[in-house]
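The values are calculated or read from the model by the stated rules, or taken from the named source; none is laboratory data. Note that this is a predicted model, so its numbers are computed, not measured. All Cβ positions, glycine included, derive from the backbone under ideal geometry; neighbour counts span all protein chains shown.
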Amino acid sequence: MYVARIGLTPVKGLAHEFWPELDLHGSGPPGDRAFCFYDVVADRVLRTVDHDSLLACRARWDPPVLTITTPVGEATGDAEWTGEPAAPADRLVADYWGRPAELTAVRGPWSALVSRYLGKQVVLCRVGTPGGVVWGGPVSVVTTSSLAEVARRVGREPEAGEDGRRFRATFVVDTGDAPAFAEDAWTGRSLRLGDAVVRVRGPLERCALVDRRPESGGRDAMVLRALAADRRVDGQIVFGVHADVEHPGTVRLGADVTVEESARVPGAAGQR
């Protein structure tokens with residue numbers, strides 16, 4: 001097995017970007033969902049599933065420069081976020097699917113740009129702690145065998161864009177001719193990806209965002225329905241697995257993947 005794709009986004013809900021390599025830290029991929037948008041009216045972290053046109057926006061985080069580009073051609077350019085101490089009024093605690101997320105409002109052009117694009121008031125925020133707006137573990141993994149099975153169930157060819165972006169996975173692992181959902185057996189095991197090792201928590205709960213076009217939003221497939229019959233744990237639809245970093249290290253495209261140790265009892269958690 002080997003790493004077939006690496007991806008993340010620095011701003012929660014924006015396009016899931018390809019990376020040729022990634023240095024996994026103890027807290028997960030550095031910069032992954034380091035920022036999010038705060039929904040001013042709803043008083044919570046902006047929910048991508050309710051505003052899926054956000055998927056068409058792209059973000060690049062090359063500290064201190066954060067650039068956001070919308071599909072209509074607007075961009076923030078080389079605006080910098082320096083991480084200077086925030087005023088008390090910039091700090092807030094927002095709801096993230098029933099749990100509190102500590103955020104700091106970021107001053108600059110990003111909020112106005114995306115507010116215009118969405119047609120609603122949102123505020124770009126720095127997330128207080130790594131994983132603060134990640135529902136499950138900091139690392140998520142899907143396999144090519146399972147992606148091919150999903151494609152078959154929704155009536156598509158496996159190569160027709162089902163490359164992991166729809167599931168916003170940190171890593172897509174090429175499992176060759178292994179059966180679909182072989183990753184179920186990885187629960188409780190250590191997974192070596194290149195120089196890094198992660199410990200798999202269990203299956204990853206999914207929401208309706210997987211039914212949306214990963215590059216633009218809008219429903220284009222009934223993925224949840226295709227998984228509903230046999231992909232449930234504790235009543236929740238699951239796909240792929242989530243994990244914690246056991247040993248930090250570099251993971252490169254094409255790196256070998258091996259499974260170690262014995263499995264523990266599985267459990268599901270979500271990623272939104």
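Pick out the one residue from Pro214, Pro203 that is in a loop (DSSP other than H, G, I, E, B), not assigned by TED's automatic domain parsing to the domain that holds Ala56 and not acidic (Asp, Glu).
Testing whether each residue is in a loop (DSSP other than H, G, I, E, B), not assigned by TED's automatic domain parsing to the domain that holds Ala56 and not acidic (Asp, Glu) leaves just Pro214.
Consider only pairs whose beta carbons are under 6 Å apart and that are at least six residues apart or on different chains; among these, list those whose first residue lies in region 62-78 and is on the phi < 0 side of the Ramachandran plot and whose second residue is surrounded by 15 or more Cβ atoms within 10 Å (Cβ to Cβ) and aromatic (Phe, Trp, Tyr).
Cβ pairs passing all conditions: Pro64/Trp81; Leu66/Trp81; Ile68/Trp110; Thr70/Tyr117; Thr76/Trp110.
Of the residues in region 136-157, how many are at pLDDT 90 or above and touching a helix residue (DSSP H, G or I) at 6+ places or on another chain (Cβ under 8 Å)?
Counting residues in region 136-157 that are at pLDDT 90 or above and touching a helix residue (DSSP H, G or I) at 6+ places or on another chain (Cβ under 8 Å) gives 7.
Looking at region 228-245, which of the residues that are within 19 Å of the chain's Cα centre (by Cα) and surrounded by fewer than 21 Cβ atoms within 10 Å (Cβ to Cβ) is nearest to Phe167 (Cα to Cα)?
Gln236
Given the criterion buried (at least 17 other Cβ atoms within 10 Å of the Cβ), in contact with a Cys (Cβ under 6 Å, 6 or more places away or on another chain) and not in a loop (DSSP other than H, G, I, E, B), identify the matching residue among Leu113, Leu147, Leu124, Leu103.
Only one candidate qualifies: Leu103.
Cβ-Cβ below 6 Å, separation at least six or inter-chain, first residue in region 185-202 and closer than 21 Å to Leu22 by Cα, second assigned to a loop (DSSP other than H, G, I, E, B) and β-branched (Val, Ile, Thr): which pairs?
From region 185-202, the pairs are Val200/Thr187.
Sort out which residues of region 87-99 are exposed (fewer than 12 other Cβ atoms within 10 Å of the Cβ) and assigned to a strand (DSSP E or B), and write them in order of number.
Val93, Arg99
So which of Ala160, Ala169 is assigned by TED's automatic domain parsing to the domain that holds Thr258, at pLDDT 90 or above and either outside any helix (DSSP H, G or I) or surrounded by fewer than 17 Cβ atoms within 10 Å (Cβ to Cβ) (or both)?
Ala169
From the list Asp234, Asp230, which residue is at pLDDT 90 or above and more than 27 Å from Leu54 (Cβ to Cβ)?
After applying the criteria, what remains is Asp230.
Within region 23-79, restricting attention to residues that are among the acidic types (Asp, Glu) and touching a Gly at 6+ places or on another chain (Cβ under 8 Å), which residue is nearest to Lys120 (Cα to Cα)?
The residue in question is Asp52.
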